[in-house]
């Protein structure tokens, strides 16, 4: 029997192997607070696994289910942690702005002239952290008029 | 123009439509989403603690435009050297000023109308000011979409130690009055007056409805 990988939190992107039902039960990881935030963002924005993997700079969308189910460690003190903090700030402001919660996900996919006819989501996907900061500035300073 | 304007001392309430970044509300949202357990504590720590979730009071909210650089660009500031708290004498003028800018932020599909919720806030502003409204016919750039000359006016007002201007509103003609505030300490006694809902359809004008508390 191969050695069982240890499940750790905050130490890197490690996927817990699931080779048998017993192992699945024993090795099921815990969904931590930061991962719960990612779940909230993914749900509010109706993100596909591919989009979420891209936003979080994972090399493959196949890692996303493991992340969301707590089977893969989410390292918070990394570039990925910064991405989640920015995305949650955007989500938090938008959630207060839109009366109808479902409009938040729609808006993310609307093309806007002030973003050179890109959607906010496309801007974040294409320009990564600078794009996320641009959307955060648009949402907080201009749309929320702070 | 500023030298010819009448100097006054203001002590009046002014309004602004904004999203109140109420920290308590954001913490409660997080608690609702994650429940009040271990994950909530982890998420709060990850986000930087409660202090990272925004202003806690309306007084603190008034300081945000003055934090920079960079500051927000607006009619009376290019956003590079100083910030301005944009307010209006009447809530309806504040609503109209915000409604005007909403269209560029939203592009709903045909048949969809976005409903956007902001808060109506007011403060007491006190201090030296000048009223430039009577110069509008002579200087129509006071309400022009090119803000270059208004930036110079704002810089001069600030250099002269004025806490605010009493100025014509570009979006609430002909009687609307805006009050751009240049000094963060000039406003006090912040109050939450109500909620404003903006209706943004795919085409046509942006409408709004104010619900007072």
Take the residues in the stretch A:102-117 that are more than 7 Å from chain B (Cβ to nearest Cβ) and more than 18 Å from the chain's Cα centre (by Cα), then tell me which one is nearest to residue A:139 (Cα to Cα). A:115
Quick one: how many residues across the stretch A:12-57 are assigned to a loop (DSSP other than H, G, I, E, B) and at pLDDT 95 or above? 6
Working only within the stretch A:62-74, note down all residues that are more than 11 Å from the chain's Cα centre (by Cα), crowded, with 17+ Cβ neighbours inside 10 Å and assigned to a loop (DSSP other than H, G, I, E, B). A:70, A:71, A:73
Quick check on the stretch A:57-73. Is at least one of its residues within 15 Å of residue A:132 (Cβ to Cβ) and touching a helix residue (DSSP H, G or I) at 6+ places or on another chain (Cβ under 7 Å)? yes
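When residues of the stretch B:174-204 are filtered for being assigned to a loop (DSSP other than H, G, I, E, B) and either without any contact (Cβ under 8 Å) to a residue 24 or more places away in the chain or under 14 Å from residue B:91 (Cα atoms) (or both), how many remain?
Kept after step one, since they are assigned to a loop (DSSP other than H, G, I, E, B), are these residues of the stretch B:174-204: B:174-176, B:182-183, B:202-204.
Okay, now just the ones that are also either without any contact (Cβ under 8 Å) to a residue 24 or more places away in the chain or under 14 Å from residue B:91 (Cα atoms) (or both), so B:174-176, B:204.
Of the residues in the stretch B:174-204, 4 are assigned to a loop (DSSP other than H, G, I, E, B) and either without any contact (Cβ under 8 Å) to a residue 24 or more places away in the chain or under 14 Å from residue B:91 (Cα atoms) (or both).
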Suppose we filter B:158, B:103, B:126, B:115 for residues that are in contact with a strand residue (DSSP E or B) (Cβ under 9 Å, 6 or more places away or on another chain), modelled with pLDDT of 95 or more and within 14 Å of chain A (Cβ to nearest Cβ); which single one remains? B:115
Of the residues that sit in the stretch B:14-51 and are under 21 Å from the mean Cα position of the chain (by Cα), in a helix (DSSP H, G or I) and more than 13 Å from residue B:192 (Cβ to Cβ), which one is nearest to the other protein chains (Cβ to nearest Cβ)? B:26
Here's a check for you: in the stretch B:52-67, which residue that is assigned to a helix (DSSP H, G or I) and under 30 Å from residue B:179 (Cβ atoms) is nearest to the other protein chains (Cβ to nearest Cβ)? B:64
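The values are calculated or read from the model by the stated rules, or taken from the named source; none is laboratory data. All of these numbers come straight from a predicted model, not from anything done at the bench. Note that each Cβ is placed from the backbone with ideal geometry, even for glycine, and that neighbours are counted across all protein chains shown.
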